[in-house]
């Protein structure tokens, strides 16, 4: 081979390597050019699903491609979460993450993904709280009355949750531990089915997301005794916090956000982060979130990553203190 030919081969190799190095940038520049799948690890009708649909609709309008919600409930949110952990890191499969992403690492003995290493945080969309809600037939109207009833009927009051390891499961476990009561946990495949069971009187109470419960309380189908946040809920200002109503220090908050598989190009993460912040800042979206009892956040990928690390540490302490175990 002549010197000229060798030179061409070297140039071709260099060009090939340069093309490979530039590939993520090229794909990010053209992103998105097809439908994006937004996986929800819970059944339709719950708070996670509602949040995903609000964000996905507006994101679709801004990006000019369909953003399709894909409900994959099961295994305390681990089924849908694992699907995203194993998906191609190309920005076309995302997860509507919830508090379970930060709870499961300390609660579940066998978890098929690493909550920190297998995901790229994009943005926290909202923060939320829960309502200690009962079926109207349960003869209590305050936290103190509820604790008294639970102590008088050990092992007889049952509560629903959106699955083993969900935030509302853990809220019940923490409540039991702090009050010295014996409660029975009944997991469902999402907050939607659990709420229907509560309205039907199949279960006695639930730590319901305010997103899912506010309308039912207003219609008289459920009774809200207290809320679990550090402050009262603006849509139900007459309902006290659990902490002020007789159980000081009991605070459980929830949150939703969007994550992608680890390895997704930084340009795509930043683009999606900026677009989601735009969605969250829309006045119509903020009004919708407020009516559901959630507070808009719209954090950067870096802020959301720091928040997720802090949440994992916090829930680890709560799980240890409450002695909660998967059923």
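Descriptive notes on the structure:
- Of the residues making up segment 229-249, none is in a loop (DSSP other than H, G, I, E, B), assigned by TED's automatic domain parsing to the domain that holds residue 315 and at pLDDT 95 or above.
Residues are listed down the side, and each one gets a yes or a no for (1) crowded, with 17+ Cβ neighbours inside 10 Å; (2) under 18 Å from residue 115 (Cα atoms); (3) free of Cβ contacts under 8 Å to residues at least 60 places away in the same chain; (4) assigned by TED's automatic domain parsing to the domain that holds residue 108:
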{"site": "40", "(1), (2), (3), (4)": "yes, yes, yes, yes"}
{"site": "44", "(1), (2), (3), (4)": "no, no, no, yes"}
{"site": "49", "(1), (2), (3), (4)": "yes, no, no, yes"}
{"site": "54", "(1), (2), (3), (4)": "yes, no, no, yes"}
{"site": "64", "(1), (2), (3), (4)": "no, no, yes, yes"}
{"site": "83", "(1), (2), (3), (4)": "yes, yes, yes, yes"}
{"site": "92", "(1), (2), (3), (4)": "yes, no, no, yes"}
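- Taking segment 144-167 as the range and being in contact with a helix residue (DSSP H, G or I) (Cβ under 7 Å, 6 or more places away or on another chain), assigned to a loop (DSSP other than H, G, I, E, B) and surrounded by fewer than 24 Cβ atoms within 10 Å (Cβ to Cβ) as the test, the residues that pass are 157, 164.
- Taken together, the criteria exclude residue 272 from residues that are touching a residue at least 12 places away in the same chain (Cβ under 8 Å) and under 24 Å from residue 174 (Cα atoms).
- Some residue of segment 180-192 being farther than 13 Å from residue 135 by Cβ, modelled with pLDDT of 90 or more, assigned to a loop (DSSP other than H, G, I, E, B) and touching a strand residue (DSSP E or B) at 6+ places or on another chain (Cβ under 8 Å): yes
- Segment 250-268 - residue that is part of a strand (DSSP E or B) and modelled with pLDDT of 95 or more and, of those, nearest to residue 225 (Cα to Cα): 256
The values are calculated or read from the model by the stated rules, or taken from the named source; none is laboratory data. Everything numeric here is computed off the predicted structure, so don't read it as measured data. Here the Cβ is made from the backbone with ideal geometry for all residues, glycine too, and neighbour counts use every protein chain on show.
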